[in-house]
Amino acid sequence: MIQLSRNVLQTIRRKFRHALGVTSSKRAPAITLRLTSGQLLIQSVSDNVAIEFRTPYDVSTTASECCLTVPQHVLRQCEGRGSDLVSFVRRDDQIIAQWVDDGIPQTVSFTASDPGEMPQTPHEYFPIEQRFLSAMAEACKTTLKESTRFALDCVQLRGQEGQIHASDSYQALIQTGFQFPWSDTILVAASPAFDSPDFSSAERAEIGQTDDWFFIRIEQQTLCLRVEKERRFPNLDLTVPTSSSAASTLQLSASDAEFLISCVNRLPGADQNHAPVTVELNGVVAIRAADEERRSPVELVLAQSRRAGDEIRFQTNRNYLSRAAQLGFGELHLRNSEAPAFCKDDHRTYLWALLDEEGSIPADDQMQRISSPVAETTVTETTKPERPKFPMSTRHISNRSQATHHANDVSETLKNNSPPTTKDPSDSESTPSLIQQAETLRDTLTKALTETRDLISSLKRNQKQNRLVETTLRSLKQLEHIGA
């Protein structure tokens, strides 16, 4: 007999389904409860992923050796939020599960089956830095659920180079700087288990390898990923550009990155195919979006971000743009409006394909424009006698707090599609203080600066067009002389 509480069964079933990547209880592999040497092993294995959870178990009231395999749909009947125990007992070819639900005895019986064959454990495990777990989590997010031609549902581990490669054909992520205990390059199945709290919070990890499986062991769990020997993976080295090849660079401030992540998916058109947005880098850094009929376009202005290099306008999937910010990249490089955008730091390269620029949204004075918050600096009283002191207290607001509050304001603005109302200026209670007047002036100057930069950009474009017309006319005149 094996006993487990209903809430433990619920937790285990959900963890295993997540790790194995299954969405239906009917298709989910069975879970094996294996009692051995005072330890309970809870195991499950699919075609490409296997997982084992280990927990101490008091064998004083039961046999020291026991093995029962329980279908997941049976566990779903037994599980619950309470700590009431569920007993699993085998009788001949039947397994009987018994528990009490709100004082009412419950019984479920099912035919016993053979346990799934777990991978044979490696002879030795090797410690790996904790960064490997978060790197695998990001790599698995960059894969496809299913793939045929290339193994884009797998992650490539390059032992000699110490690299992790992943791609779904639209985006690619290369992470470097790892010390693997082998020199081979292997392909392993992707698993969402790395994104779970158990793996993301693990302080210590070990890895091992056999001919057919790759193992990651943390605390009470072991995750096994099948090694794909016959499948192919694209050579991402051929697609990685150098930083010097960039013609234009978006320098994204930390507060604007927070603002972008919070707001970009609230812009119109998020439900369209490829969720397109237009990014324009000229006098300002602007992100534009509209619905499928191009109604009610909205422009986000990243007031604290800058462009370095050439002016450029490009179309991109907003999810990839947001992910670059979530990964913590401060610079986004572009060679032109068609080549993949890319970000690089000491240990990571992230790149993704851009969309056709024909669908880009040009600037329009009539569109709704929302600017990211401008950072406020700490203000203190001065001690110089020749300058008057204002009754001002020390004030500091973090960029992160500003971005969060401003994003909430943006959400309400987009929802109502109208600017917030203000109080009557004649109301004595709403009379602005000196600080409020300064903030209003700052916002006005910021808006004026944005409009000035737009005007300058338009004038530059007109100059380029005029020069192009002059050049064309000169060429036509030369052709006339040739014909004569």
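All of the numbers you see were taken from the coordinates with simple rules; none came from a lab. Note that this is a predicted model, so its numbers are computed, not measured. Positions of Cβ are backbone-derived with ideal geometry, glycine not excepted, and every protein chain shown enters the neighbour counts.
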Quiz item: Taking amide hydrogens as modeled 1.01 Å from N in the peptide plane, which residues meet the under 5 Å criterion relative to MET367, leaving out close sequence neighbours?
Solution: none
Self-check item: Inter-label distance for ARG453 and GLN160, nm, one decimal - labels placed 7 Å from Cα along Cα-to-Cβ
Solution: 4.7 nm
Quiz item: Given a cut-off of under 8 Å on Cα pairs at least six residues apart, what relative contact order in percent is computed for the range 2-111?
Solution: 30 percent
Self-check item: Distant-in-sequence amide H partners of THR185 (H built 1.01 Å from N, under 5 Å)
Solution: GLY159
Exercise. Can you tell me which of 129-137, 313-321 comes out highest on packing, and rank the rest after it, using the mean Cβ neighbours within 10 Å?
Key: 313-321, 129-137
Exercise. Averaging sequence separations of C-alpha pairs under 8 Å and six or more residues apart, then dividing by the length of the range 112-231, give the relative contact order as a whole percent.
Key: 27 percent
Exercise. Based on alpha-carbon positions alone, could you give the equivalent ellipsoid semi-axes of the range 31-156 from the gyration tensor, as √(5λ), descending, whole Å?
Key: 34, 19, 16
Self-check item: Derived scalar couplings ³J(HN,Hα) [the range 183-198; Karplus, 6.51 cos²θ - 1.76 cosθ + 1.60; whole Hz; x for Gly, Pro]
Solution: 10, 6, 9, 10, 10, 10, 5, 7, 9, x, 4, 5, 8, 7, x, 4
Quiz item: Fully extended, how many nm does the chain gain between ILE261 and ASP47 (0.36 nm per residue separation, minus their Cα-Cα distance)?
Solution: 73.4 nm
Quiz prompt | Scattering profile of the range 202-311 at q = 0.13, 0.15, 0.21, 0.22 Å⁻¹ [log10 I(q)/I(0), Debye over alpha-carbon scatterers] | solution = -0.81, -0.86, -1.07, -1.13
Quiz item: the range 211-267: which chymotrypsin sites (Phe, Trp or Tyr not before Pro) are DSSP loop and have at most 12 other beta-carbon atoms within 10 angstrom?
Solution: none
Quiz item: Which ³J(HN,Hα) values, rounded to whole Hz and listed in residue order, are derived for the range 204-211 from phi using the Karplus coefficients 6.51, -1.76 and 1.60 in 6.51 cos²θ - 1.76 cosθ + 1.60 with θ = phi - 60°, glycine and proline given as x?
Solution: 9, 9, 9, 10, x, 8, 10, 4
Quiz prompt | For peptides 455-463, 81-89, sequence by mean Cβ density within 10 Å, most packed first | solution = 81-89, 455-463
Quiz item: By how many nm would the segment from ARG76 to ASN336 lengthen if fully extended, with 0.36 nm per residue of separation less the alpha-carbon distance?
Solution: 88.3 nm
Quiz prompt | Distance between the range 222-252 and the range 339-374 - C-alpha centres, whole angstrom | solution = 20 Å
Quiz item: If packing is taken as the mean number of other Cβ atoms within 10 Å per residue, what is the order of 229-239, 202-212, 46-56, highest first?
Solution: 46-56, 202-212, 229-239
